[in-house]
1. Specify the residue that is surrounded by the most Cβ atoms within 10 Å (Cβ to Cβ); the eligible residues are those in the range 50-88 that are farther than 26 Å from Lys139 by Cβ and among the hydroxyl-bearing types (Ser, Thr, Tyr).
2. Of all residues being in a helix (DSSP H, G or I), out of contact with any strand residue (DSSP E or B) (no Cβ under 6 Å at 6 or more places or on another chain) and of a type in the set (Gly, Ala, Ser) in the range 11-44, which is surrounded by the fewest Cβ atoms within 10 Å (Cβ to Cβ)? Just the residue, please.
3. Among (1) over 28 Å from Asp104 (Cα atoms); (2) of a type in the set (A, V, I, L, M); (3) at pLDDT below 95, there is one condition Met1 misses while meeting the rest; what is its number?
4. Only one of (1) out of contact with any strand residue (DSSP E or B) (no Cβ under 9 Å at 6 or more places or on another chain); (2) farther than 21 Å from Arg21 by Cα fails for Leu127. Which number is that?
Amino acid sequence: MNEMSTVLLVEDNEDDIELIRYAFDKVGIGNPLVTVSDGDAAVAYVTAGGIYADRERYPLPGLVLLDLKLPRRSGFEVLDAIRSYAATQHTPVVVLTSSDQTVDIERAYRRGANAYLVKPVSRDALLGMVQTLDAFWIKLNRVIGA
């Protein structure tokens, strides 16, 4: 991924969206952060469906931050769609969720998640997590086609 690639945040909780936006700003991540709030919109975004058909306006993400508990389609279903769509099958997907249940962690990795992070409770812990995301997934990690 490069520092201009879009980060797609798939999250239905407005408070979490605002906290993640705050952390991106505070850490100084300049990548565009696009948010969608349900599983259907996430699949439409990555597959250029419906209102997301214009790739100039809605570029493929270089990184997906994916909540698991979403309306319309679960995060697991979104992950399946990302992995089955040729243009995003190698896109890094970091599950960012409140669930720390072993069954969810195992299921996410079996379906192709690249990392599984539990949402931190404190703002400072979130800032630390976002700094790590920036360092590894945005600045250091290389993907196919980048």
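The values are calculated or read from the model by the stated rules, or taken from the named source; none is laboratory data. Bear in mind the structure is a predicted one, so any value in this text is a computation, not a measurement. So basically every Cβ, Gly included, is an ideal-geometry build from the backbone, and we count neighbours across all protein chains shown.
1. Among them, the one singled out is Tyr52.
2. So, considering only residues that are in a helix (DSSP H, G or I), out of contact with any strand residue (DSSP E or B) (no Cβ under 6 Å at 6 or more places or on another chain) and of a type in the set (Gly, Ala, Ser), the one surrounded by the fewest Cβ atoms within 10 Å (Cβ to Cβ) is Ala44.
3. (1)
4. The failed condition is (2).
Yes/no per residue for (1) in contact with a Gly (Cβ under 8 Å, 6 or more places away or on another chain); (2) not hydroxyl-bearing (Ser, Thr, Tyr):
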| position | (1), (2) |
| --- | --- |
| Arg72 | yes, yes |
| Ile82 | yes, yes |
| Tyr85 | no, no |
| Val94 | no, yes |
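Residues are listed down the side, and each one gets a yes or a no for (1) more than 17 Å from Lys119 (Cβ to Cβ); (2) of a type in the set (A, V, I, L, M):
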residue: Ile17; (1), (2): no, yes
residue: Ala44; (1), (2): yes, yes
residue: Leu65; (1), (2): no, yes
residue: Arg72; (1), (2): yes, no
residue: Thr88; (1), (2): yes, no
residue: Pro92; (1), (2): yes, no
